[in-house]
Amino acid sequence: MEIIETRRAGLSGDLASGVQELLREAFPDSSSVQSDYYAFTGAPAIIIMLREGRDVVGHLAAYRREVEIGCEPLEIGMVGGVAIAPNHRGRGHSRALVQRAHAYLKKRSIAFSILFAHEPRVYASSGYKLMRNETHFLDSDRDWKTFIYRGSMYAELSQRPWPNQIVNLRGPIV
Ligand SMILES: CC(C)(COP(=O)(O)OP(=O)(O)OC[C@H]1O[C@@H](n2cnc3c(N)ncnc32)[C@H](O)[C@@H]1OP(=O)(O)O)[C@@H](O)C(=O)NCCC(=O)NCCS
């Protein structure tokens, strides 16, 4: 099993088609993922993949986002597109990808990572807690919304505690 880190520009050929295939299988109900995941979310700061032979069996995208928490402008990390191929699940692979993403963000002195979980329990052992603050964000229907997003989670990557104030994600779409 090989871990590959790349950017959008480095994703081509077999690797690119392998990622899209994995994401389509993992998120069958998401119309955006079914077309082109990255066209929808914008370019991640880093894409972390697991490959076995020629098969892409794991994927995570980490984003750097300029947001406001309360009145403070802040750069935070955002993790998305976490997917592991069905026959490789339950072996700690998604946890390992999240750890790699955290290493990338910590190296850049980014104090927080957030994500929007389908199943929050998956991320608890990686340090994520459910947000109790509201999020102001651009939804996939291109409407700005403000509410406590179900499954929204944060992880503290440094000594700094999560501010627990309204987060203005400013866009693009999440
Ligand atoms: C969710 C998913 C990424 C988990 O990948 P995985 O490699 O099997 O997860 P891991 O083996 O690294 O497990 C990490 C933790 O999540 C838990 N977990 C894994 N799958 C879970 C599930 N479906 N429900 C609840 N907890 C789960 C594990 O027990 C483990 O807990 P621990 O660290 O406290 O021991 C994978 O099932 C998947 O790709 N699902 C389809 C796409 C998806 O839902 N992605 C997540 C979007 S938020």
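Values quoted throughout were computed directly from the atomic coordinates according to the rules given, and no laboratory measurement underlies them. Values in this document were obtained by computation on a predicted structure and should not be read as measured data. Ideal geometry is used to build each Cβ from the backbone, glycine not excepted, and the neighbour counts take in all protein chains shown.
Do any trypsin sites (Lys or Arg not before Pro) in segment 1-82 lie in a DSSP loop with no more than 12 other beta carbon atoms within 10 Å, and if so, which? Kindly include the intermediate steps, with their values, before the conclusion.
Details: sites: Arg7, Arg8, Arg24, Arg51, Arg54, Arg64, Arg65; in loops: Arg7, Arg54.
Loop-located and lightly packed - Arg7, Arg54.
Rank Leu105, Leu60, Leu15 by mean-square fluctuation in a GNM of the chain with C-alpha springs under 10 angstrom and give only the top-ranked residue.
Top of the fluctuation ranking is Leu15.
Which log10 I(q)/I(0) values does segment 35-141 give at q = 0.09, 0.11 Å⁻¹ under the Debye formula, counting every alpha carbon as one identical point scatterer?
Scattering profile of segment 35-141, log10 relative to I(0): -0.25, -0.37.
At a threshold of 8 angstrom on Cα-Cα distance, excluding pairs fewer than six apart, so keeping six or more, what relative contact order does segment 2-168 reach in percent?
Values: 296 pairs, mean separation 30.4, N = 167.
The value is 18 percent.
If Lys and Arg each add +1 and Asp and Glu each add -1, what is the summed charge of the other residues whose beta carbon sits under 10 Å from the beta carbon of Lys145? Write out the running numbers ahead of the final one.
Numbers: positive: none; negative: Glu134, Asp139, Asp141, Asp143.
Every neighbour counted, the sum reads -4.
Pick from Gly77, Gly58, Gly13: which residue has the top mean-square fluctuation in a GNM of the chain where Cα pairs under 10 Å get a spring?
Gly13
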